[in-house]
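One structure below.
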Amino acid sequence: MASSVLAPVQERGRAALEQLGLPNRRQEPWRLTDLKRLAAVSELPASASPLSTSLPASLDGVTRLMLNGFDDPLAGQVLPEGITALNAEELEQALGHTLDRCGCAQVWPVEFNHAKAQQILALRVRGRVGPLELVLAAGAGLNATRVLLLLEEKAELELMQVLLAEGASAHSHVLEVHLGQEAQLRHGVLATADGASSLMAHLAVEQEPRSSYALTSVVQGWNLGRVEPRVVQVDGQAETVLKGLAVTGAKQQLATHTAVRFDGPEGELDQLQKCLAGGQSHAIFNGAISVPRDAQRTNAAQLSRNLLLSGRARVDTKPELEIVADDVRCAHGATVSQLQDDELFYLQSRGIAAADATALLLRGACQEVIAQLPAAAQAWRPLERVMESLAP
């Protein structure tokens, strides 16, 4: 069923890539990207084997679905009551709608996914359902997947997405989410790799009035990473919370590009993006907020906080506000700093060794975001994974 729906999408994607070619530095969204690494990702063959690493058991009460690009994620699974798979007609009607609404259906990473994706998981959520965990993991090569979630009016879901990779592999992932009126989605993303893999993840979210969307993302260990959450409040009166942690080391490059648009009044946004950059790595953040004239009484706050852990690391941060409405409360800010000498001195004066003092401060910086992940994340030890990557 999915393959028949994806076939015309793949054809359109391949035609679009032929016309677009690879991105170039003259295009503002790609100005800072290492395009040689991107070209290497585009040439990877499709993955045909599972991840060799064993996975931890999921927590009690959590339904885990595996997406590896070739096996049916629903085979042998019993979905929680209130979650059903879309049929072919529903899928064909809904696929791509939210991408269009968010204005990202024709950007390069999405067209690349259109051309390469072999698998789609499409689910409808009714009422309040049990927690769901989606694990995206495959062996060497390119793993291209799509997920579509339709949350009906007043539906509630806690979703944990885990993206894993090892060696010369890459993920291309596109998620579309439609939130009906008064629907609530608490969404966690843990994307972790061993430093040699690449990631392109595009999240498109469409919110109807009085809906709530809370995204917490923790991204670490990618040679080349690009994470792009895009949210549209279609008639305002919705709540969006974005909390992100990006951690880089060695010569890795990780970019986070977010875009939030308010198409109606009385919308709310609370956004915090933290980057920790060590080694000779490069962390990038671009956060765009659009408040057109119809979005009166919008309340939006965005903060980018960055820590340089090495004299050779680099951070580029660019918060953007485009405000046309005249009755709004909007604020944004960005900081780039190092660990504070006075804080390190205070801890060492209390008998804590220098290395332990540094680790304690880094742990606190990471925990502020990691603590917001859904409960299902505990099985994956997110804080320990991040701290292991920061160890000298």
Would you pull out the residues with amide H under 5 Å of Thr216's amide H, same chain only if 5 or more places away, H placed 1.01 Å from N? His187, Gly188, Val189, Lys243
So, in nm, how far is label Ser52 from label Asp294 when the simple model puts each one 7 Å beyond its Cα toward the Cβ? 5.4
Gyration tensor (Cα) of segment 39-146, equivalent ellipsoid semi-axes in angstrom: 25, 22, 11
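Packing-wise, with mean Cβ within 10 Å as the measure, how do 348-357, 380-389 rank, highest first?
Values: 348-357: 11.7, 380-389: 17.8.
Sorting 348-357, 380-389 by mean packing, highest first, produces 380-389, 348-357.
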When averaged across all projection directions, what area in nm² does the alpha-carbon convex hull of segment 82-197 cover? 7.4
Rounded to the nearest 0.05, what FRET efficiency do Glu11 and Glu89 have when you use their Cβ-Cβ distance and R0 = 30 Å? 0.90
Starting from the Cα of Gln367, step 7 Å along the direction of its Cβ; do the same at Ser4; then give the gap between the two resulting points in nm. 5.4
Once you have the Kirkwood Rh of segment 243-289 from its Cα pairs, apply Stokes-Einstein at 4 °C and 1.567 mPa s and quote D in µm²/s. 107
Show me, bin by bin at 10 Å from 0, the whole-percent P(r) of segment 331-392 based on Cα pairs. 18, 41, 31, 10, 0
For a quick check: with amide H placed at 1.01 Å from N, whose amide H comes under 5 Å from Glu133's, ignoring anything fewer than 5 positions away on the same chain? Thr63, Arg64, Leu65, Met160
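Over all directions, how big on average is the projection of the convex hull of the alpha-carbon atoms in segment 31-100, in square nanometres? All intermediate terms of the calculation are to be shown ahead of the outcome.
Numbers: hull surface 35.3 nm².
The Cα convex hull of segment 31-100, projected and averaged over all directions, gives 8.8 nm².
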When only alpha-carbon atoms are used, what values of Rg and Dmax, in angstrom, describe segment 203-324? 15.3, 46
What trypsin sites (Lys or Arg not before Pro) in segment 292-342 are in a loop by DSSP, with at most 16 other Cβ atoms within 10 Å of the Cβ? Arg293, Arg297, Arg312
If you average the sequence gap of Cα pairs under 8 Å that are 6 or more apart and divide by the length of the chain, what percent do you get for the contact order? 12
With x for Gly and Pro, the residue-by-residue ³J(HN,Hα) of segment 347-362, computed from phi through the Karplus equation 6.51 cos²θ - 1.76 cosθ + 1.60 at θ = phi - 60° and given in whole Hz, is 5, 5, 5, 9, x, 8, 4, 4, 5, 5, 5, 4, 4, 5, 5, 5
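Can you send over the carbon and sulfur percentage of the accessible area for the chain, probe radius 1.4 Å, protein chains only? Numbers along the way, then the final one.
On the way: 7920 of 16740 Å².
So the carbon and sulfur contribution to the accessible surface is 47 percent.
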State to the nearest 20 debye the size of the charge dipole of the chain about its Cα centre, where the only charges are +1 on K and R beta carbons and -1 on D and E beta carbons. 1100
Once both label points are put 7 Å beyond Cα along the C-beta direction, the Glu388-Glu152 separation in nm becomes 4.2
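Do you know the relative contact order of segment 273-392, to the nearest whole percent, from alpha carbon pairs under 8 angstrom that are 6+ apart?
Details: 169 pairs, mean separation 28.0, N = 120.
So the answer I get is 23 percent.
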For segment 249-392, restrict the atom set to alpha-carbon positions and state the Rg and Dmax in Å. 18.1, 57
Hey, can you find the accessible area per residue of the chain for me, probe 1.4 Å, expressed in square angstrom? 43
Taking a ≥ b ≥ c as the square roots of the eigenvalues of the Cα gyration tensor, with a/c under 1.5 meaning rounded and otherwise prolate when a/b exceeds b/c and oblate if not, the chain is rounded
Across 5 Å bins beginning at 0, the whole-percent shares of Cα-Cα pair distances in segment 93-138 come to 5, 14, 21, 23, 19, 13, 6, 0
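The values are calculated or read from the model by the stated rules, or taken from the named source; none is laboratory data. In this text, all values refer to a predicted model and were calculated from it rather than measured experimentally. Quick reminder, even Gly has a Cβ in these numbers, built from the backbone with ideal geometry, and neighbours come from all protein chains shown. Please note that ligands, DNA and RNA were not included when accessible areas were found on the heavy atoms of the full protein model with its side chains. Shrake-Rupley method; radii C 1.70, N 1.55, O 1.52, S 1.80 Å.
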